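Below is one structure, written out as structure tokens; comments come after it.
What follows draws every value from the coordinates through simple rules; no lab data is involved. Not measured: the values here are computed from a predicted model. All Cβ positions, glycine included, derive from the backbone under ideal geometry; neighbour counts span all protein chains shown.
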Amino acid sequence: MTARVAAGRTHEFRRPHRPLTVRGANALARVLTRARHGRRPALLDLDEGGLVRAAQRTAGSDDLGPDQEWRPGLRALLASLEGEAGLSPFGRWCARGHVLGCLVNRAELQCEWGRSPELLEQPVSRPLVVLGLPRSGTTLLQNLLALDPANRSLLQWEATRPCPPPRTQTYSTDPRIAQAERTMRLLDHLAPSARALHPVGPQLPTECVTLFANSFASLELAAINATPGYLSWCLATDMAPHYGYYRRQLQLLQWKHPAERWALKSPAHLFWVGDLVAQFPDAALVQLHRDPLEVLASYCSLVCTLQGVGAERVDAPAVARTWALAWADGLRRARTARRQLPTGQVLDLQYTRLVADPVGAVRAVYEHAGLPLPARLPDEVRAYVGANPQHKGGVHRYRLEQFGLDPEVETARFADLRQDA
């Protein structure tokens, strides 16, 4: 399933998209709040206790796991949503729903692990893990690897709702697929260009950050709303426990729908390569490389588009400054962590090579992992690339200056990182 966007469109972030339905919902919520003497309706409440109780009622369980696994991140996120994100009433409703969904996931995961502790004994063997700056070809490579049925990609519908564990018999007909598609249609209405900028769909591969949201340590949560305080918390926290929680979720997802190996992807892994390898010592890592000055403005355009759904206004220069600093930090962390890895554990792959010779790039990944290349895969890669050419969803236009970034400043910022990017 691919993004439904008209070909030939030009996508350039100028200001948040405001559908009439959203403007109407915001106006109604403000009227109701005034009528209640400043007290917001319950559906807009971001109170920690209220959210936890609502999740426990929905899941039918009080067990969300040890507090230290999730409460610090939840509190940092909620403080940032209240104090920094500048959410509209509709944005508060969206944020509440997202947080509540993650809490419900936690309760359901705890129940599954309690009923079937043996699933946590399963190995997660020799995964392929793609990392690199966002907009550097990581999504394309993940989609190409997913063409091989031996590679189990994390699909959007199961990442969003991992419980109950997916089953092979119903993997393509699970009702959560239709639920996720309805959410995608809502996103299409709220941010029409979002799927063109970053194609997503219930049955398309997605990033690991969605699973990290269930322990409230996810860069996804920092991207969809302007929460720089929460981002700082994420980058300062010990991620080792969160990578352990991530592994346990993968074990649950593969339990009744196994494959030979996982093929995973997330630019966020750049920040925590050491924690990733500690959980998956035999992982075959692939780092994509592209000029950071080319990807930075593109990423800022995507983040501003997403934040425009729920924010009263989007401060594009502030968004750009935050993420320019963050991704430079991510590259430095990855460079440091890689020095501690065994020689040959990471394959470096240039974006230009991936685009110019996708079959050769995929072949290099299989050679790196010590895997035989399936006979049909080269033709399937060619067919996929032919059916999904660059700019299929429209031309994405972006400039550093559009986001208040000075090209000379950014060139200096990334000067010692160009070979790592």
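The table for this structure:
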| read-out | value |
| --- | --- |
| Cα-centred dipole magnitude for segment 10-417, charges only on beta-carbon of K, R (+1) and D, E (-1), debye, nearest 20 | 1060 debye |
| Contact order relative to length of the chain, as percent, for alpha carbon pairs under 8 angstrom and 6 or more apart | 27 percent |
| Debye-sum result for segment 38-146 in log10 I(q)/I(0), which assumes one identical scatterer on each alpha carbon, at q = 0.17 Å⁻¹ | -0.96 |
| Computed magnitude of the charge dipole of segment 267-315 (debye, nearest 20; Cβ of K, R +1, Cβ of D, E -1) | 80 debye |
| Segment 206-332: C-alpha pair distances exceeding 17 Å, % | 61 percent |
| Segment 66-72 - phi-based ³J(HN,Hα) in whole Hz, Karplus 6.51/-1.76/1.60, Gly and Pro as x | x, 3, 5, 6, 9, 5, x |
| Under 12 Å, Cβ to Cβ, from Y171 - net charge with Lys/Arg +1 and Asp/Glu -1 | +2 |
| Ranking of T170, T160 by count of other Cβ atoms within 10 Å, fewest first | T170, T160 |
| When the convex hull of its Cα atoms is projected in every direction, mean area for segment 234-309 (nm²) | 7.3 nm² |
| FRET efficiency, R339 to R313 (Cβ-Cβ, R0 45 Å, nearest 0.05) | 0.60 |
| Value of Rg/Rh across the chain [Cα atoms, Kirkwood radius] | 0.94 |
| Amide H within-cut-off set for L264, under 5 Å, with H built and near neighbours excluded | L128, V129, V130 |
